[in-house]
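Heads up, the thing below is written out as structure tokens.
The values are calculated or read from the model by the stated rules, or taken from the named source; none is laboratory data. Just so it is clear, the model here is predicted, and its values are computed rather than measured. Cβ placement follows ideal geometry from the backbone for every residue including glycine, while neighbour counts extend to all protein chains displayed. Only protein heavy atoms, including side chains, enter the accessible area calculation; ligands, DNA and RNA are left aside. Shrake-Rupley method; radii C 1.70, N 1.55, O 1.52, S 1.80 Å.
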Amino acid sequence: MTTTPTTIARAWTDDYLDLLNYARRIGDQIWYDELLSRLQDRDRHIEREAQFSKREHLWSSFDEINRRMLDLYKQMHMSQESMKQRLRDQLFELREERVRISLALRKG
């Protein structure tokens with residue numbers, strides 16, 4: 001599941017507002033002030049969450065490609081020669097996709 005920046009922003013803000021209200025209700029002024037400070041610096045925190053979510057999605061895709069490639073290698077091992085070229089083509093496409101994901105992960 002890919003989380004959009006808007007979804008992340010809403011969830012993050014809702015969570016912090018709930019915590020802020022709770023801190024006020026229990027009378028914890030220090031915690032209240034810390035939460036208020038984080039809410040004021042909201043954009044930076046949300047950007048960090050969005051980056052984390054994006055990396056998590058990329059790693060999940062990378063892992064899925066690896067599983068599919070392993071499955072194709074097993075199929076190649078057990079296939080007749082006439083099927084192997086089709087499997088090689090699929091492997092090549094998966095390798096290209098994996099490289100694209102690797103570059104995105106390195107870019108950050």
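The figures follow:
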| item | result |
| --- | --- |
| Accessible surface, per residue, of the chain when the full set of protein chains is kept, probe 1.4 Å, Å² | 77 |
| Taking the chain and dividing mean pair separation by its residue count, relative contact order in percent (alpha carbons under 8 Å, at least six apart) | 29 |
| Under the Karplus curve 6.51 cos²θ - 1.76 cosθ + 1.60, θ = phi - 60°, whole-Hz ³J(HN,Hα) for segment 73-85, x wherever Gly or Pro sits | 4, 5, 5, 4, 4, 9, 8, 7, 4, 5, 8, 5, 5 |
| Farthest positive-ward along segment 54-107 dipole, Cα basis, beta-carbon charges - from L70, Q90, L105 | L105 |
| Estimated dipole of the chain in Debye, rounded to 20 [Cβ of Lys and Arg +1, of Asp and Glu -1, Cα centre] | 520 |
| Derived scalar couplings ³J(HN,Hα) [segment 36-50; Karplus, 6.51 cos²θ - 1.76 cosθ + 1.60; whole Hz; x for Gly, Pro] | 4, 4, 5, 5, 5, 9, 4, 4, 5, 5, 5, 4, 5, 5, 5 |
| Residues of type lysines that K84 reaches as a straight line, Cα spacing below 19 Å, ignoring anything fewer than 8 places off in the same chain | K74 |
| Anisotropy class of the chain from Cα gyration tensor, a/c 1.5 cut | prolate |
| Fraction of accessible area attributable to carbon and sulfur, the chain (%, probe 1.4 Å) | 52 |
| Principal-axis tilt of helix 5-26 within the chain, Cα atoms, nearest 10 degrees | 30 |
| Hits among lysines - C-alpha to C-alpha of K107 under 16 Å, sequence gap 8 or more where chains match | K54 |
